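Take a look at the structure set out below.
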Amino acid sequence: MVKTTSGLHSAGVGRTGTFIAIDRLIQQIEMENTVDVYGVVYDLRMHRPLMVQTEVRLLFIQHHVSQICTVIQKR
C-alpha cells in the first residue's frame, strides 16, 4: 500500500486488473464464444478487491473487448 495525501492506495491494482480482465475475456471469447465482463470483473474482485476500481476502467474494458469481437467476426 502507498500512502498519499488522499489516503491509502494499492499501487497499480486497478490498472493491472483492467488488463487481466481483458486477457481473461479474450480467453473466454476463444473458449466459450461468450463475453461476461461483469462476471470476469466480479471473479477478479473476489480474489483481490481493488481490481478494476472505476467506471472508466469498466468502460475501457467494454470498449476494447467490443473491438476484439469485431475483429474476430471479420475473420
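When peptides 15-21, 25-31 are ranked by their average number of other Cβ atoms within 10 Å per residue, the highest-first order is 15-21, 25-31. Mean projection of the Cα convex hull over all viewing directions, computed for the chain: 5.3 nm².
Rounded to the nearest 500, the helix-only mean residue ellipticity at 222 nm of the chain stands at -22500 deg cm²/dmol, with each DSSP H run of n ≥ 4 adding -39,500 (n - 2.57).
Any read-out appearing in this document is the output of simple, stated calculations on the displayed coordinates, not a laboratory observation. Keep in mind it's a predicted model, so treat the numbers as computed, not measured. Backbone-built Cβ (ideal geometry, glycine too); neighbour counts: all protein chains shown.
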